[in-house]
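*Asks:* Below you will find the structure I want to go over with you.
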Amino acid sequence: MTTRINKGRQRVDMVKMKNARNLQVMFSKRCAGLFKKASELCTLCGAEIVIVVFSPGDKGVFSFGHPSMNTLVERILGRNLSLPNNDVHNQQIVAHREAGIRELNTKLMNLEGLLQMEKNRGESLREIRKRANGLWWESPMEELNLFQLQHLKKALEILKQKKKRHKW
């Protein structure tokens with residue numbers, strides 16, 4: 001009969017693990033331990049805590065929030081945040097939030113510009129079709145704008161390629 005020798009709990013070096021399987025196991029255990037400790041801190045001290053953890057390899061997002069994740073996130077983003085004049089931390093949060101808002105507004109303006117360009121393009125195409133009554137080659141060239149001329153050029157090039165392939 002062989003006796004099994006247990007090594008017991010061993011210390012883990014604080015370096016990134018190379019083995020993906022071991023990394024995932026370690027992540028799961030440590031994440032569960034982190035959330036357990038956060039829950040204990042909330043229960044014992046009445047602390048309000050938000051934790052967001054992104055797993056390695058983008059396999060998921062894990063979060064913990066007490067009393068409520070949404071309430072605390074709104075508070076962090078400044079929707080319900082009172083800002084004392086001497087509180088540097090809250091000022092940094094507000095500055096970060098405002099920078100995020102500026103970035104989102106810039107993206108929104110860019111998207112609105114692209115949307116307007118596409119609307120103009122569609123309107124221009126409708127106008128070409130309307131003027132030509134199905135006979136685009138009979139449209140007066142002088143009345144076409146730059147975009148319409150470019151579109152006409154592209155259509156002619158496509159027609160030329162088709163002609164070469166089919167040899168009419």
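*Asks:* Students often forget the sequence filter, so: which lysines lie under 27 Å Cα-Cα from Lys119 once same-chain residues fewer than 8 apart are removed?
*Replies:* Lys107, Lys130, Lys153, Lys154
*Asks:* In the calculated pair distance distribution of the stretch 1-56, what percentage of Cα-Cα distances lie above 18 Å?
*Replies:* 55
Values in this text are rule-based calculations from the coordinates and carry no lab data. No experiment lies behind these values; they were computed from the predicted model shown.
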